[in-house]
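I'd like to ask you about the structure that follows.
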Amino acid sequence: MDFSWTDEQSTLHEQALEFARARLRGRDDDDDRSFARATWRALGDFGALGACLPRAHGGLGLDALTTARVVEGLGHGARELGLVFSACAHLLACAVPVAEHGSAQLQREVLPALASGEQIGANAITEAGAGSDVFSLRTTARRDGDDYVLDGAKSYVTNGPVADQLLVYASTNPAHGYLGISAFLVDARQAGVTRGEPFHKTGLGSSPICPVYLRDVRVPGYRRLGAEGGGAAIFQRSMAWERACLFAAFVGAMARDLELCLEHARGRQQFRKPIGRHQAVAHRLADMKLRLEGARLLLYRACWRLDRGELAALDISLAKLAVSEAAVQSGLDVIRLHGGLGYMSETGLDNGLRDALGSLIFSGTSEIQRDLIARGLGL
Ligand SMILES: Cc1cc2nc3c(=O)[nH]c(=O)nc-3n(C[C@H](O)[C@H](O)[C@H](O)COP(=O)(O)OP(=O)(O)OC[C@H]3O[C@@H](n4cnc5c(N)ncnc54)[C@H](O)[C@@H]3O)c2cc1C
């Protein structure tokens, strides 16, 4: 077992950290509906928006482990994770499925623009009645000659308000349930696609999200990903990428939380000594370090398995669950350890907790991850 990074991996990580420290400085508190387009394009120039896309289509051609290390650097350096979250949703849940399952024509048409950030991608599967039970979706895709006609409503679409391309999951054969679902890349600017009012979220403020409605949306056949009925498997695969690589942003955020807390524990004096000299505070920091390293190693191993082409479902769920639960705990620790300061919004010390809360829910809730782990144990 080799725990060392290659020179390329170390350099990319450092560059991502520097980029995030300089550019990912958080939302404008007065308007969490805005989208930082210039920063988005800078993320594209840096390569993050096409990190694991093939070089032939404008990507960096990185494997999952290296992609995760880049995302970790972004999460570590960012003050707020919204734009990193948006970038990962765009890359891992929209562009990667196109790169893996899209027709040659579709790949030529959209991948270079997605990799550069000229276009923005989104993934639309969740519906009002299909959340955790995601394959009970009601959106339909009816064949009409060489085209499909899509109808339905998607409830939470990250990047929805600004997306150019929507990866929509719809039923081509409702009688076949899971095996009746197909995936389509829909041009979000075409007739019949409308977007609802953006939601205000608890955290991840610089990542826009809204419902998307599809009414008689005509999609050419070459925009179907994979085979008809293969949509559920494509979604599972995109979730493997997302659970493995996106959550590296929260590993980075935990590393930043620990740095912040160590600095405060050394500088803040109470009872005539730095608070870090009080055993209860020191132990909190030790536990933060333990949770960070445990979650980080699980995530690296999940990515490593994904890169070896192994069925990494169990490792990926273990990593997703460990990282998200640890990130919430880490966000609470930041607030506790800073005392009153931690609770004052002006300090931004509550950002980490607010961002981390979402991670318990998207990409499959903690309860669903535990179900998947139990299934992996043969239960
Ligand atoms: C910030 C954010 C971004 C998102 N972005 C997107 C996106 O880009 N595209 C998209 O399609 N969706 C997106 N989602 C939606 C997300 O995937 C769903 O919210 C999630 O899958 C949970 O579905 P739900 O909200 O309907 O909750 P529900 O499924 O209703 O779950 C409610 C509660 O019941 C529990 N529960 C449900 N079923 C079971 C079970 N079988 N056993 C035990 N407990 C269970 C859940 O764990 C949860 O605690 C996003 C959500 C958030 C918060």
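The numbers here are math on the coordinates, done by the rules we state, and not lab data. Source: prediction; values computed, not measured. All Cβ positions, even for glycine, are placed from backbone atoms using ideal geometry, and neighbour counts span all protein chains on display.
List the relative contact order of the stretch 220-379 as a percent without decimals, with contacts defined as Cα pairs under 8 Å and 6+ residues apart. Walk me through the numbers before you get to the answer.
Values: 165 pairs, mean separation 39.9, N = 160.
For the stretch 220-379, the relative contact order is 25 percent.
Calculate the FRET efficiency for ARG215 and ARG21 from the Cβ-Cβ distance with a Förster distance of 51 Å, rounded to the nearest 0.05.
On the way: r = 44 Å, r/R0 = 0.86.
The pair ARG215/ARG21 has a calculated efficiency of 0.70.
Size of the dipole of the chain about the Cα centre, Lys and Arg at +1 and Asp and Glu at -1 on the beta carbon, nothing else charged, in debye to 20? Write down the numbers at each step before the final one.
Details: 42 positive and 44 negative charges, 138 e Å.
Around 660 debye, computed over the chain.
Given a cut-off of under 8 Å on Cα pairs at least six residues apart, what relative contact order in percent is computed for the stretch 7-120?
Averaging sequence separation for qualifying contacts and normalising by length gives 36 percent for the stretch 7-120.
Ok, one more. Could the peptides 233-243, 153-163 be put in order, highest first, of the mean number of other beta-carbon atoms found within 10 Å of their residues?
Put in order of decreasing packing, that is 153-163, 233-243.
Would you work out which of LEU74, THR39, LEU53 lies farthest towards the positive end of the dipole of the stretch 27-101? Charges go on Cβ: Lys and Arg +1, Asp and Glu -1.
After comparing all options, I get LEU53.
To the nearest Å, what is the center-to-center distance of the stretch 196-232 and the stretch 138-159, using C-alpha atoms only?
Taking the Cα centre of each part, the stretch 196-232 and the stretch 138-159 sit 9 Å apart.
Right, next: Highest mean first, what order results for 43-52, 271-280, 253-262 on Cβ atoms within 10 Å?
Answer by packing, highest mean first, reads 43-52, 253-262, 271-280.
Roughly how many whole Å is it from the C-alpha centroid of the stretch 293-347 to that of the stretch 56-105?
Rounded to whole Å, the Cα centres lie 18 Å apart.
Using Cα pairs under 8 angstrom and six or more residues apart, how large is the relative contact order of the chain, in percent?
Over the chain, the number comes to 17 percent.
Another question, if that's okay. May I ask for the angle, rounded to the nearest 10°, between helix 313-337 and the longest principal axis of the chain, with both axes built from Cα atoms and the value confined to 0 to 90°?
Roughly 40 degrees between the two axes.
Determine which residues of the stretch 334-364 fall in the zone a paramagnetic label at ALA280 would reach in this model, i.e. backbone nitrogen under 19 Å from the point 7 Å along Cα→Cβ.
Answer for the stretch 334-364: 334-343.
While we're on this one: Apply the Kirkwood formula to the stretch 122-230: the hydrodynamic radius equals the inverse of the mean of 1/r over all pairs of different alpha-carbon atoms; give it in Å with one decimal.
By the Kirkwood definition, the hydrodynamic radius is 13.9 Å.
For GLN270 paired with ASP133, estimate the spin-label separation in nm (one decimal), with each label point 7 Å from Cα along the Cα-to-Cβ line.
4.8
Using the 10 angstrom Cβ neighbour count as an exposure proxy, how do VAL70, VAL281, VAL168, VAL219 rank, fewest first?
Going from sparsest to densest Cβ surroundings: VAL281, VAL219, VAL70, VAL168.
Let me ask you something else. Which one, GLY152, GLY177, GLY26, has the greatest fluctuation when you compute a Gaussian network model over the chain with C-alpha springs under 10 angstrom?
Comparing GLY152, GLY177, GLY26 in the GNM, the peak value goes to GLY177.
Turning to a different aspect of this structure: Using +1 at the Cβ of each Lys and Arg and -1 at the Cβ of each Asp and Glu in the chain, identify which of SER132, SER206, GLY339 lies farthest towards the dipole's positive end.
Positive-end residue among those listed: GLY339.
Turning to a different aspect of this structure: Can you sort ILE125, ILE373 from fewest to most other Cβ atoms within 10 Å of each residue's own Cβ?
Going from least to most buried by this count: ILE373, ILE125.
Work out the length of the dipole vector of the stretch 7-120 about its Cα centre, built from +1 on the beta-carbon of each Lys and Arg and -1 on the beta-carbon of each Asp and Glu, and round it to the nearest 20 debye. Walk me through the intermediate numbers first.
Numbers: 11 positive and 16 negative charges, 32 e Å.
Using Cβ point charges on Lys, Arg, Asp and Glu, the stretch 7-120 gives about 160 debye.
If you don't mind, another one. Restricting to DSSP H runs of at least four residues, report the calculated mean residue ellipticity at 222 nm for the chain, -39500 (n - 2.57) per run over all residues, nearest 500 deg cm²/dmol. All intermediate terms of the calculation are to be shown ahead of the outcome.
Details: 13 runs with 178 residues, N = 379.
The helix-only estimate for the chain comes to -15000 deg cm²/dmol at 222 nm.
How many lysine pairs does the chain hold where the Cα atoms are under 29 Å apart and the two sit 8 or more places apart or on different chains?
Working: LYS154/LYS201; LYS154/LYS320; LYS201/LYS289; LYS201/LYS320; LYS273/LYS289; LYS289/LYS320.
The number of close lysine pairs in the chain is 6.
Which of ALA249, PRO161, SER116 sits farthest toward the positive end of the charge dipole of the chain, with +1 on the Cβ of Lys and Arg and -1 on the Cβ of Asp and Glu?
ALA249
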